[in-house]
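Right, one structure below, let's go through it.
A short reminder: the numbers here are calculations on the coordinates, not readings from a lab. Nothing here was measured: the structure is a model prediction, and the numbers come from that model. Quick reminder, even Gly has a Cβ in these numbers, built from the backbone with ideal geometry, and neighbours come from all protein chains shown.
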Amino acid sequence: MCINPSSSISSTASEPFATGIAFMDESHQLLHAKLDRLSLASDAEFTAGFESLICQVHDHFKEEEQAMNEIGFPGISCHRDQHAQALNALEHARLRIKDGAVTEGREIAVLFSRWLGFHIATMDRMLASAMQHAEALEPTCVAS
């Protein structure tokens, strides 16, 4: 598997959630931007935006899990379980929001944002390290 290390994203104070893996860092930035927009959205916009967030999160997790499979990541089970639990919580919140509990949905979005930051700083950085190690073992691979 050839990965594309982040060239413009580094783990600095301005980018506290950078992993060094381009597709992960770009997706994480998009998720944080979506969560920021949701925090400012009207109630009507929030409902549609939350639906979109769930789709975006699902796609991001799927992409990470594909990368874990490709490198034979030993922590895949635990990492996948965390993804499943987060998606389950978001799905429950989606149902509550559809029933009119937008304030509760906003609280869940804030909690998810905090969880995501912790998940990136721990689980995703561990995955990124494993991906970089796997890449180093592939001498014929040239990052684009």
Per the rule of 0.36 nm per residue minus the C-alpha distance, extending Gln29 to Cys55 adds in nm 7.8 nm
Binning at 10 angstrom from zero up to the longest distance, how are the C-alpha pair distances of the stretch 32-89 distributed in percent? 22, 42, 25, 11, 1
Rounded to the nearest 0.05, what FRET efficiency is calculated for Arg96 and Ala121 with R0 set to 30 Å and r the Cβ-Cβ distance? 0.60
